[in-house]
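The values are calculated or read from the model by the stated rules, or taken from the named source; none is laboratory data. All values derive from a computational prediction rather than experimental measurement. With ideal geometry, Cβ positions are generated from the backbone for all residues, glycine too; neighbour counts draw on all protein chains shown. Note: areas computed on protein heavy atoms with side chains; ligands, DNA, RNA excluded. Shrake-Rupley method; radii C 1.70, N 1.55, O 1.52, S 1.80 Å.
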There are 2 protein chains.
Amino acid sequence: MNVEQAAKQLEALGNTTRLQVYRTLVRAGEAGLPVGQIQERLGIPPSTLSHHLQRLLLTGLVTQERQATTLICRASYPAMNGLIGYLADECCADAGCGTRAENAA
Amino acid sequence: MNVEQAAKQLEALGNTTRLQVYRTLVRAGEAGLPVGQIQERLGIPPSTLSHHLQRLLLTGLVTQERQATTLICRASYPAMNGLIGYLADECCADAGCGTRAENAA
DNA sequence: GCAGTATTTCCAGGCTTATCGAATTATGCC
DNA sequence: GGCATAATTCGATAAGCCTGGAAATACTGC
């Protein structure tokens, strides 16, 4: 994970609407959620949602799988863990801040 | 930590330049770093850097302390931990992805 | 193939951001 | 007060983002 990629992912999550979309997908768990359901739950117009989903897909934070006419969206846990890990490493590499102290021990 | 605040912080870090600034400050540790030194290390024009620092200050990710004519900047570990915690919780709340499994146990 | 549903792409307007040179403010020193 | 250094604010430009209605595309089932 380099700086630019991390920045891209952070930027993707750095928008209230997209963060809500992502949060919704995370809470949906492994089953994922069709685009239409996200749209319905958050009350976002389809085209707007589609743009945001593109952004999340592009950065790898979300994956999609077609099931008949609907597209199932899922939060990518590996991507999220990669990002959290990057932040935690940057934060704790040279300073004792405790966040990942358990892992280090 | 609500969605909008988290999004603001993520957006603040979601820019290559600002992430580099933040990274530099984290690596500087408790001692912090004067604005001028950041500027010198990263080769950013003063005014540009100042704007980015304002953004990081505004979201609470960075703090400043005056020492004579120089301003010492420091990464705020509590803020960072809050953000990482928010992401980790969102990620792991309803799904087993392992990142904070140690804490839960 | 046609009808119907799900989703995306096209297009456009308004808004915010990123950048940085020049001028200004803040602070210390003599 | 006057000078020097540190950093910010001003001003302006170019670029990219967010939004959402309308049209187009994907896919299924009959």
Please compute the per residue accessible area over the protein assembly as shown with all protein chains in place, 1.4 Å probe, rounded to a whole number of Å².
49
Using the Karplus curve 6.51 cos²θ - 1.76 cosθ + 1.60 with θ = phi - 60°, work out ³J(HN,Hα) for each residue of the range A:3-20 in order, rounded to whole Hz, and write x for Gly and Pro.
4, 5, 5, 4, 4, 4, 5, 5, 5, 4, 8, x, 8, 3, 4, 5, 5, 5
Let me confirm one metric for peptide A:15-27, namely the mean number of other chain beta-carbon atoms within 10 Å of its residues' beta-carbons.
4
Helix B:46-58 vs. chain B, principal-axis angle (Cα, 0 to 90°, nearest 10):
40
Starting from the coordinates of the alpha-carbon atoms of the protein assembly as shown, obtain the Kirkwood hydrodynamic radius over all distinct pairs and give the value in Å to one decimal.
18.0
Taking the Cα atoms only, what angle lies between the long axis of helix A:77-92 and the longest principal axis of chain A, rounded to 10 degrees?
30
Does the range A:3-93 classify as rounded, prolate or oblate by the C-alpha gyration tensor (a ≥ b ≥ c root eigenvalues; a/c under 1.5 gives rounded; else a/b over b/c gives prolate, otherwise oblate)?
prolate
When only C-alpha pairs under 8 Å and at least 6 residues apart count, what is the relative contact order of chain A, in percent?
27
When the dipole is taken about the Cα centre of the range B:3-92, and only Lys, Arg (+1) and Asp, Glu (-1) are charged at their Cβ, what size is it in debye, to the nearest 20?
300
